[in-house]
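The values are calculated or read from the model by the stated rules, or taken from the named source; none is laboratory data. Just so it is clear, the model here is predicted, and its values are computed rather than measured. Here the Cβ is made from the backbone with ideal geometry for all residues, glycine too, and neighbour counts use every protein chain on show.
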Protein chains: 6
Amino acid sequence: MHVRVINPNTTRAMTDLVGRSARAVAGPGVLVDAVQPTMGPASIESHYEEALAVPGLLEQVALGEAQGVDAYVVACFGDPGLDAARELARGPVLGIAQAGFHAAALVARRFSVVTTLSRTVPRAHELLDRYGFAAACAGVHACEIPVLELDDPTSGALERVTAACARAVERDGSDAVVLGCAGMAAFTGTIADAIGVPVVDGVAAATTLATALLRTGTRPSGRGELAPPPPKPVTGLLHPFQITPGASTTRPVLSAVPLR
Amino acid sequence: MHVRVINPNTTRAMTDLVGRSARAVAGPGVLVDAVQPTMGPASIESHYEEALAVPGLLEQVALGEAQGVDAYVVACFGDPGLDAARELARGPVLGIAQAGFHAAALVARRFSVVTTLSRTVPRAHELLDRYGFAAACAGVHACEIPVLELDDPTSGALERVTAACARAVERDGSDAVVLGCAGMAAFTGTIADAIGVPVVDGVAAATTLATALLRTGTRPSGRGELAPPPPKPVTGLLHPFQITPGASTTRPVLSAVPLR
Amino acid sequence: MHVRVINPNTTRAMTDLVGRSARAVAGPGVLVDAVQPTMGPASIESHYEEALAVPGLLEQVALGEAQGVDAYVVACFGDPGLDAARELARGPVLGIAQAGFHAAALVARRFSVVTTLSRTVPRAHELLDRYGFAAACAGVHACEIPVLELDDPTSGALERVTAACARAVERDGSDAVVLGCAGMAAFTGTIADAIGVPVVDGVAAATTLATALLRTGTRPSGRGELAPPPPKPVTGLLHPFQITPGASTTRPVLSAVPLR
Amino acid sequence: MHVRVINPNTTRAMTDLVGRSARAVAGPGVLVDAVQPTMGPASIESHYEEALAVPGLLEQVALGEAQGVDAYVVACFGDPGLDAARELARGPVLGIAQAGFHAAALVARRFSVVTTLSRTVPRAHELLDRYGFAAACAGVHACEIPVLELDDPTSGALERVTAACARAVERDGSDAVVLGCAGMAAFTGTIADAIGVPVVDGVAAATTLATALLRTGTRPSGRGELAPPPPKPVTGLLHPFQITPGASTTRPVLSAVPLR
Amino acid sequence: MHVRVINPNTTRAMTDLVGRSARAVAGPGVLVDAVQPTMGPASIESHYEEALAVPGLLEQVALGEAQGVDAYVVACFGDPGLDAARELARGPVLGIAQAGFHAAALVARRFSVVTTLSRTVPRAHELLDRYGFAAACAGVHACEIPVLELDDPTSGALERVTAACARAVERDGSDAVVLGCAGMAAFTGTIADAIGVPVVDGVAAATTLATALLRTGTRPSGRGELAPPPPKPVTGLLHPFQITPGASTTRPVLSAVPLR
Amino acid sequence: MHVRVINPNTTRAMTDLVGRSARAVAGPGVLVDAVQPTMGPASIESHYEEALAVPGLLEQVALGEAQGVDAYVVACFGDPGLDAARELARGPVLGIAQAGFHAAALVARRFSVVTTLSRTVPRAHELLDRYGFAAACAGVHACEIPVLELDDPTSGALERVTAACARAVERDGSDAVVLGCAGMAAFTGTIADAIGVPVVDGVAAATTLATALLRTGTRPSGRGELAPPPPKPVTGLLHPFQITPGASTTRPVLSAVPLR
């Protein structure tokens, strides 16, 4: 069983972090690796950056399909490109916001979300609406720490995120916290111990939920809305993403994925 | 890691069936067993029977706590007694309707539910509303087969449930089916092969989702709404369920659970 | 016209209180009595206790049916066992949360709810959702007084509940208050005079709404979801609740209700 | 206890009909009378007519206040002018759509509505949304009989409405029917007998619900949104509706209601 | 292209103000005029006044239809009589609350509303629900200034409304403000400059949106719910509003609109 | 006033078509032009293609900003990249799904959507949810014609889309139709004449709504969620999209947009 975690930004330290987070929970018999795109923004804190992260994410899914990966975790809390990635993959593709919400809803009636910058809060609400957790979420709160400062030991990030989580639970009357950035994954246990309610890291949640789906053979249908995209000209800078009809596979392959 | 599946009715064949379903997917390192109450109805097809199944379910959770069980699956599609059971348990307690909806929503935008008798359809809708999947569910359909006929080879149950699933997907335009009874667990693979979309058995889903939560250390907070119930007199026939303050445990124990 | 108020806990003083509340408003031509189960918890403040109260409630409905009762009021704000009770009864069965919400919504655009312990707040929200009053309810507030202290004159309960109601109306900008416990019934008039908006006691509301339904001949259909439960083995401690097919009645009768 | 039914159109036969419907269910100790405005349309089947019916309705509420009426029923299924009427009245004012929905929701999980012309269906949906019964209503169906033909024995109205109700219950899978016009009041019992589920006449429902509110002392607050309208110039044809500050009453009175 | 703004109250200064607001934005090729009814209240701050404003509004729409007006703006934030007016008009009829919400939603994810008296807040919420903007609106706030004081230079209205807008944006975390009264139209630019987010005047929004609809030929269907009202007796004071079948037009005409 | 229509696919014929559609309705004083990206898919019928269309769309917005464009129309019914585009633009950016829904909702209570392939239906529902029109939309229907066949005179597209619109209105009981593809723009008038209800082309709607916003000075705030994206490294194939801090502008500029 091979689960691949894709960090959709191009910062190696975050790729390593989410790989460690996923491997720590995957359990016996599950091969986990973590990759990042060959293109795109260093971190994702705006819709613009989210949009620019998607081609690189798709590149990695196409590569994974060629390598027989069974399931993917998209390790950015905006769940960028999820539907597009699903059209390319034979197995489950889970976003970490989606997975975090699901896991929290399974152990708590109402949860809070603590995210990075306040400009990302509306996207979190949009995802909550889409996945059906608008009523289950008691509040989304920003701690105003940029993604790439989260692992800077001089930023006081752990203390500030912990404080934000404690305030959120108090203010919202919630029973759990979902951490709103893959970069917070290393904080999970410390914060949970500090605030006394379950704290959900989306990377860990997505990895184990993907495994759960694989163990039960629950794979997407590959038809209808999420059928493979039809072969069609793609021109200009993005020409490498043009899909040409696959010969011996049921999934089309990218004509020239700029791997590595 | 010890996951216990509780069949809340008193029919041994169903207990055995859900135990097999759960063990088949649990994966390495997970101990799964299946139990049933010492009291209650032979099957659950009405609100009355659901209500009468709950004391026996609580009995089994209390017993499980004494034995160190890590998580519970409530193997009836009405998710009876879920909140009450959660007040007694230290670890996660998942209902199979809840788990089935979650699993289906992770691989499909919209799913159909195929259940037993039409009188159970409104309860399914109530649970969909509660868990946030009302929009994700494209339809709930009954096949009008009583629970205890599902494993009767002369009932034609497999064929009829398969046909109901195929019709549901066609009519609803959905991408997945959730089977609406623990007694359908053995049909899952056959139906999936027949209809070409993922088919979710709630017992398998709940078992693997519970495991996912345990691997990530995501346990309920044990405070607030779902804190242990306070010690208090319980009289008459139900006196054995009276809670007396526990001495050396953080959870109260039933004064005299009529085990066996 | 015979309306029976069932206090689903086993505390006689509360049974007497809800009987007085109901009789005070029933009007001419309506016979009101109040009963309590022979089994179950002394008060209901958790999901566990709510679950354990239901068998005794069902016992009392079965008994009432044998006695020709026309309608029932379930006098606990969690509306425990409502659907199960409806399967046994020929006439209307109203919960006091349900009835309180309906009455408040008929005279106010938005109402507040003031309940006992904060751990019961989520159940109130669940019922508001189910009955369609989520938007009409401006807030649910706990006053942190246990049920059985409400009638203790040394507890200061009246003053504290009044203060909680005043704060709720001020904070929520609401036009009415629904009292969230049958044990607050005696406070209704005093609080209404103090805060200047209508205050709804669910017991009084349910009694008069049940009478309204009876006067117009509006009885449940007795078919579909809420048809009588099918005869079926019930074993162990709960065997007395087994239903055997009735001979001369359209409703099944409990085989051996442990009445007095 | 004085409940006044206001037929907001100017057709005497309908006023008499709704008066009979209300008196038949009011019960002992309740004085019921029925009135109609001195102005306005002969029946209400469009938004235009609904708007033109409101001044006459307000005239009758103002007159009722001067006469000490305790509660009002607005006997048109569009619930015209309800909020405006509530600003004038000290006691409850109930619309028959509102009351019909409430009564049906108290005995059935899902109900159908059968109304007159299809052009009135969207208004029914609008009221269902406003009152919180959108999910409880399984369908709104028109029988395409104009209001004033309902009591024409040659129109076959009873048969056609009965057939429409039977079809609605079958198609919607509902447990009750709300009749969507005051002019259908006389059909209630016959249809209920024919189709086997409860059939709710809004006039009867509103009369008994108003009585229920009065018996429990549940009156609107008379402040906030629904406080009496402020005195202010009203000119032209509608000058008689100008409110001048009342001398000895808490409610303003119309300066010159063209009574009789 | 002829757009008529109807001020539904009878205060000339407001009619002039809304005319100026509309003309300032209409653009080349659009004829804009502003009218007021011959009857009704001096301002609209209650449901009673709103109801009394509708006949005069309908009078003006009927007159406009005879004059070939292409579209109408109803310049009161309660959107009084909108559906009735639409039954009379061949072209679009827009309310300023509706138009303000639409415009704000096109440039902001979430907007705040700042209205006059707090008693009008629930009506604003009702309209938000009806038009689908309940989730897009982050809050409705009253500044407690009566409509007719808005243009009194000694009232400090501009300062107070500006302060209310600033507070609303801060508290709600919103990206735009909709002004909740036609009488605030002159404040728009000043407030926008002061608070740094777009401020929407409903009169300007409705005028330009109506023009947008006309340019694209998007006219209501004139059938179904909003077909012309059927000819029918209207008696008493409101007899002039009786519709008699038109001879040479597709729209009925009022029998005797008391123009001027 | 300069409104730019961006066709986010790379098919020149569609760019020309949407330009004509927009210019036909823009009115005097509005400069309209139409552009297409230098990169991306030939048409957009899957999430994968939608994702690949976004970089080229952003390229064109950045270019437009440098040229002083006042507002943008994104001429693809999936509204791809809308939020990202808004972060780059000073003025309004409207999607044609969004605009089509708004226009239809202004003249009809309920509308139908007729789109191309059924695999695009779920995206339409997602947008309806996001913009608040889920209740206003009575149905989304596919006519199963690929985008690039719409202007093929031998495809019978006009007849098939017309038939689909007629069926949709009949089945849904709706009052308007929104065409679900920019490629249907030329059909609007013909279909409207054929089916008797307003038919909305999103390109025309977006162009005139954008003009309406500009005339009233309603521009996005440029702060909060939709503030310009922060300067940040973008590597690999997408490096040209890296934002470097602008010197003399308030908006950052792309470092090396591959224009032309």
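Of note:
- Residues (within 9 Å of another protein chain (Cβ to nearest Cβ), within 16 Å of B:V140 (Cβ to Cβ) and either free of Cβ contacts under 8 Å to residues at least 24 places away in the same chain or of a type in the set (V, I, T) (or both)) located in segment B:100-124: B:T120, B:V121, B:P122
- Residue count, segment F:193-224 (criterion: touching a Lys or Arg at 6+ places or on another chain (Cβ under 9 Å), more than 14 Å from F:A22 (Cα to Cα) and surrounded by 20 or more Cβ atoms within 10 Å (Cβ to Cβ)): 4
- Whichever residue in segment B:215-256 is under 24 Å from A:V200 (Cα atoms) and of a type in the set (S, T, N, Q) and, among such residues, is modelled with the lowest pLDDT: B:T250
- The helices (runs of 4 or more DSSP H) found wholly in segment B:91-210 and carrying at least 3 residues that are within 27 Å of A:R223 (Cβ to Cβ) and touching a Ser or Thr at 6+ places or on another chain (Cβ under 9 Å) occupy B:96-107, B:157-172, B:188-195.
- Hits in segment C:3-29 (condition: assigned to a loop (DSSP other than H, G, I, E, B) and under 16 Å from the mean Cα position of the chain (by Cα)): C:N7, C:P8, C:N9, C:T10, C:T11, C:A26
- Looking only at segment B:35-55, residues that are more than 7 Å from chain C (Cβ to nearest Cβ), in contact with a strand residue (DSSP E or B) (Cβ under 6 Å, 6 or more places away or on another chain) and closer than 25 Å to B:R130 by Cα come to 1 in all.
- Selection within segment E:148-179 - at pLDDT below 95 and crowded, with 21+ Cβ neighbours inside 10 Å: E:L150, E:A157
- Qualifying residue in segment C:173-191 (condition: touching a Cys at 6+ places or on another chain (Cβ under 6 Å) and farther than 30 Å from C:R12 by Cβ): no
- Scanning segment B:135-149 for residues that are under 19 Å from the mean Cα position of the chain (by Cα) and either among the polar types (S, T, N, Q) or within 14 Å of chain A (Cβ to nearest Cβ) (or both) yields a single hit, B:C137.
- Checked against the criteria, A:R160 counts as among the basic types (K, R) and either more than 9 Å from every other protein chain (Cβ to nearest Cβ) or in contact with a Phe, Trp or Tyr (Cβ under 7 Å, 6 or more places away or on another chain) (or both).
- Scanning segment F:203-225 for residues that are within 25 Å of E:T208 (Cα to Cα) and within 14 Å of chain A (Cβ to nearest Cβ) turns up F:P220, F:S221, F:G222.
- Residues satisfying the stated conditions in segment D:62-82, i.e. of a type in the set (A, V, I, L, M) and within 22 Å of D:V25 (Cα to Cα): D:V69, D:A71, D:V73, D:V74, D:A75
- Number of residues in segment C:35-50 that are within 24 Å of C:V69 (Cβ to Cβ) and small (G, A, S): the value is 1.
- One residue from C:V169, C:V200, C:V178 being over 21 Å from the mean Cα position of the chain (by Cα), within 12 Å of another protein chain (Cβ to nearest Cβ) and of a type in the set (A, V, I, L, M, F, W, C): C:V169
- Listed conditions (1) more than 14 Å from chain B (Cβ to nearest Cβ); (2) in contact with a helix residue (DSSP H, G or I) (Cβ under 9 Å, 6 or more places away or on another chain); (3) modelled with pLDDT of 95 or more are all met by C:L31, apart from (2).
- When residues of segment F:30-53 are limited to those that are aliphatic (A, V, I, L, M) and part of a strand (DSSP E or B), the one surrounded by the fewest Cβ atoms within 10 Å (Cβ to Cβ): F:L31
- On inspection, B:V5 does not qualify as of a type in the set (A, V, I, L, M), buried (at least 24 other Cβ atoms within 10 Å of the Cβ) and touching a Lys or Arg at 6+ places or on another chain (Cβ under 7 Å).
- Matching residues, segment C:226-239, being at the interface with chain B (Cβ under 7 Å from one of its Cβ atoms), of a type outside the set (A, V, I, L, M, F, W, C) and assigned to a helix (DSSP H, G or I): C:G236
- The residues in segment F:61-106 that are over 12 Å from the mean Cα position of the chain (by Cα) and either farther than 17 Å from E:A105 by Cα or at pLDDT below 95 (or both) can be counted, and the count is 11.
- Matching residues in segment D:54-88 - criterion: being part of a loop (DSSP other than H, G, I, E, B) and either polar (S, T, N, Q) or closer than 19 Å to E:V234 by Cβ (or both): D:A75, D:C76, D:G78, D:P80, D:G81
- Where a residue in segment F:84-99 is closer than 14 Å to F:F133 by Cβ and its partner, wherever it lies, is of a type in the set (D, E), with Cβ under 7 Å and at least six apart: F:G95/F:D79; F:A97/F:D79; F:Q98/F:D79
- The single condition among (1) within 24 Å of B:R4 (Cβ to Cβ); (2) buried (at least 23 other Cβ atoms within 10 Å of the Cβ) that B:R90 does not satisfy is (2).
- Test: residue in segment B:66-78 that is crowded, with 24+ Cβ neighbours inside 10 Å, under 22 Å from B:C181 (Cβ atoms) and within 10 Å of chain C (Cβ to nearest Cβ): no
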